[in-house]
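See structure below.
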Amino acid sequence: MHAAGPEVHIRVHADAGTASYDASDIFRREVESAAWVRGRASVALSGGKTPRQFFERLGGSGFARWAGWKSLHVFWADERAVPASSEESNYRLVRETILDRVPLTLTQVHRLRGEAADLEAEAARYGRCLAGFARGGVPRFDVIHLGLGPDGHVASLFPGSPVLAEPSRWVVAAPGPPPLERRLTLTLPVLNAARVVLFYVTGADKAEVVQRVLEGDEPLERLPARGVRPPRARVHWVLDRAAASRLGPALEKR
C-alpha cells in the first residue's frame, strides 16, 4: 500500500503583489484553524529575497489587530551563519518585516542563532527547543513557509547535500554555496511532518525550476524540493504568472 501523498493546490496570480495577498490569506486561515483546534499555532519561516513582500503583508496594517498573533509561535526553517544584525540574516528579515510591527512576545519567537560559534551545538539546542514545544514525536508545524531556489533548494537543503539523507535529526548544520557556505536548517523529516506547507515563489527566473519540481521526476538529490511531500497535508504553491509560465499538466490537474 502506498503512503498517502499531500493535497496539492497550485494558485497562479497576475503578479507578485497579488500573490503576496493570497499567501498572507492562506497563512491567516491556516493559523486560525490550528489555534481553534489546538489552542496554539506554530509556523516556520524561510528567508531569502523573494518572501519580503509576503512578510510585509503579514506585518502590515491589515494584520495589526489580528487575534491570531496571540496564539502564534514563530520558528525558522533555516538560517545563515551570520549575526542577527547582518543583511543576510533570515531572522533580521523577519524581524524588520513582521516582528517589529506586530504584538508577539519574546516567548513566542524562537530564533535560530546563526552567529553561534559552534553550529552543531546550536543545531542540537534548536532540536531540543522543538522537542520541548512538540511534547513528543517529530514536531508538526501548522505552517511551514518555503521558497524555492533556482537550483531547486528549499530551506538550506541544497542539491547533492548529505543532509538530504538525514533520517532522524531535526536540525543540522549544513553546507551551502559560497559565499555563505555555513547554514543551519530543518531537515526533511520535519518538513514532511508539517500539516501545511506554503510555497511562495515569484519571478521568471524561477519558471524552469517550478516546472521541474511540479511536473518532472528528478530525484531529490538533484532537486531537493521534490523531497517535500508531507503525507495527508496541504501543500499550497502560490505563484505569480511569471513563475508559472512553463507549467502545463500541473495546472490542468488543478
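The values are calculated or read from the model by the stated rules, or taken from the named source; none is laboratory data. Since we're looking at a predicted model, the values are computed, not measured. No Cβ is skipped: glycine too gets one built from the backbone with ideal geometry, and neighbour counts run over all protein chains shown.
Among residues of segment 101-115 that are without any contact (Cβ under 8 Å) to a residue 40 or more places away in the chain, those with a beta-carbon under 7 Å from a residue that is part of a loop (DSSP other than H, G, I, E, B) and not basic (K, R) at least six positions away or on a different chain give the pairs E115/V82; E115/P83; E115/A84. Here L180 fits the description: among the hydrophobic types (A, V, I, L, M, F, W, C), out of contact with any helix residue (DSSP H, G or I) (no Cβ under 9 Å at 6 or more places or on another chain) and closer than 28 Å to R125 by Cβ. Would you mention how many residues in segment 154-185 are assigned to a loop (DSSP other than H, G, I, E, B) and in contact with a Cys (Cβ under 9 Å, 6 or more places away or on another chain)? Total meeting the criteria: 0. One residue stands out among those in segment 142-158 that are of a type in the set (A, V, I, L, M, F, W, C) and over 13 Å from L188 (Cβ atoms): the one that is surrounded by the most Cβ atoms within 10 Å (Cβ to Cβ), which is L148. Residues being among the aliphatic types (A, V, I, L, M), surrounded by fewer than 22 Cβ atoms within 10 Å (Cβ to Cβ) and either more than 16 Å from the chain's Cα centre (by Cα) or at pLDDT below 95 (or both): count how many of those fall in segment 17-40. Residues that pass the stated criteria total 2. Would you check if there is a residue in segment 196-216 being charged (D, E, K, R), over 25 Å from V43 (Cβ atoms) and without any contact (Cβ under 8 Å) to a residue 24 or more places away in the chain? Among the residues of segment 196-216, not one is charged (D, E, K, R), over 25 Å from V43 (Cβ atoms) and without any contact (Cβ under 8 Å) to a residue 24 or more places away in the chain, which makes the answer no. Taken together, the criteria place V74 among residues that are more than 19 Å from V238 (Cα to Cα), among the β-branched types (V, I, T) and in contact with a strand residue (DSSP E or B) (Cβ under 9 Å, 6 or more places away or on another chain). The single condition among (1) in contact with a helix residue (DSSP H, G or I) (Cβ under 8 Å, 6 or more places away or on another chain); (2) farther than 17 Å from V143 by Cα; (3) not basic (K, R) that D15 does not meet is (1).
Within segment 93-114, the residues that satisfy the criterion of being of a type in the set (S, T, Y) and more than 16 Å from S61 (Cβ to Cβ) are T105, T107.
Of everything in segment 97-148 that is in a loop (DSSP other than H, G, I, E, B) and small (G, A, S), the residue that is nearest to Y200 (Cα to Cα) is G147.
Against the test of being more than 30 Å from L180 (Cβ to Cβ) and either surrounded by fewer than 16 Cβ atoms within 10 Å (Cβ to Cβ) or under 19 Å from the mean Cα position of the chain (by Cα) (or both), the options V8, V43, V74 yield a single qualifying residue, V8.
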